[in-house]
Each structure stands twice: as C-alpha cells, then as structure tokens.
Amino acid sequence: GENSQKRIRESFERIVAEMGHWPTGIVTPDLGFARAIRKELEDLGLYVPQHVSLLGFDARPFGNAAVPPEERDISNLQYSWREMAESAWRMFRARLAGVKAPPKRVALVPSYVDFGSLGPRREGP
C-alpha cells in the first residue's frame, strides 16, 4: 500500500545517499518487492532496464512452473519450495531413523528466467 511504498522510497533514498550515486542494478528477495522498487524508480524518472537492471528471486511451489503472462515482466532466479522441503525432509527422516550425520549444506540451483529487465553493464543512470 501507500505506507509500504513510502518506506521503500525512504530506504531507497538512504541507500542512494550512502552509495553516493544511483545503483546500476538491484536484486530483490521476491518479485513483489521488485515491482515496488520498479514503481519507485519510475516515479523518480528511472526505467528498467534502460537505466537500472532489476532481478528478483521467485519461489514457485513446484519449480520451473509456468509463469503467468501478467508476471512476465521482471527477470528472476526461480527456485522451488518443494525442492527445499524434499531435501530437508530426507535429512530429517534420516535423523529420525537414527543416522548420526553432521550438519550438511545442500545447494539447490535456481533457474534463470529472462524477462528483459537486465540491461547492459553501465556506470550509472
């Protein structure tokens, strides 16, 4: 809503002040936040991908799920909640069965989905 957009603007202005220049690329933890950032950029006269590249993470329930047309606007790294849950479940099930394994890091590789929101490398807008 309006209040969250205000917080985004204040955060964005603080980041720009701390950096001393406009960012050339922004990565967000989800696509909803990426859309809010894009709106803020447009309100400031900056456009994706002409001035700033924008990339978001996108959790899909089953991974590589078809992206609805209305969501085909921001390039993203798509990952699957199901893959994460299945991996965690396998480790948990082994522990329940008495396997004494040390903690383990599991890397699940996301898929890059290109919707044209990444521009060329640049110095800044």
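Test Met19 against the criterion of being open to solvent by 50 Å² or more (accessible area, probe 1.4 Å) and within 23 Å of Gln5 (Cα to Cα), and give yes or no.
It is true that Met19 is open to solvent by 50 Å² or more (accessible area, probe 1.4 Å) and within 23 Å of Gln5 (Cα to Cα).
Could you run through segment 1-40 and say how many residues are touching a residue at least 12 places away in the same chain (Cβ under 8 Å), assigned to a helix (DSSP H, G or I) and closer than 26 Å to Val113 by Cβ?
13
Which of the residues belonging to segment 89-125 are in contact (Cβ under 8 Å) with a residue 12 or more places away in the chain and either touching a Ser or Thr at 6+ places or on another chain (Cβ under 6 Å) or more than 30 Å from Lys39 (Cα to Cα) (or both)?
Answer for segment 89-125, where residues must be in contact (Cβ under 8 Å) with a residue 12 or more places away in the chain and either touching a Ser or Thr at 6+ places or on another chain (Cβ under 6 Å) or more than 30 Å from Lys39 (Cα to Cα) (or both): Met91, Lys104, Val106, Leu108, Asp114, Phe115, Ser117, Leu118, Gly119, Arg122, Gly124.
State which residue is modelled with the lowest pLDDT when the search covers only segment 66-103 and only residues that are open to solvent by less than 80 Å² (accessible area, probe 1.4 Å) and small (Gly, Ala, Ser).
Of everything passing the filter in segment 66-103, Ala101 is modelled with the lowest pLDDT.
The values are calculated or read from the model by the stated rules, or taken from the named source; none is laboratory data. All of these numbers come straight from a predicted model, not from anything done at the bench. Ideal geometry is used to build each Cβ from the backbone, glycine not excepted, and the neighbour counts take in all protein chains shown. What goes into the accessible areas is simple: the full protein's heavy atoms, side chains included, and nothing from ligands, DNA or RNA. Shrake-Rupley method; radii C 1.70, N 1.55, O 1.52, S 1.80 Å.
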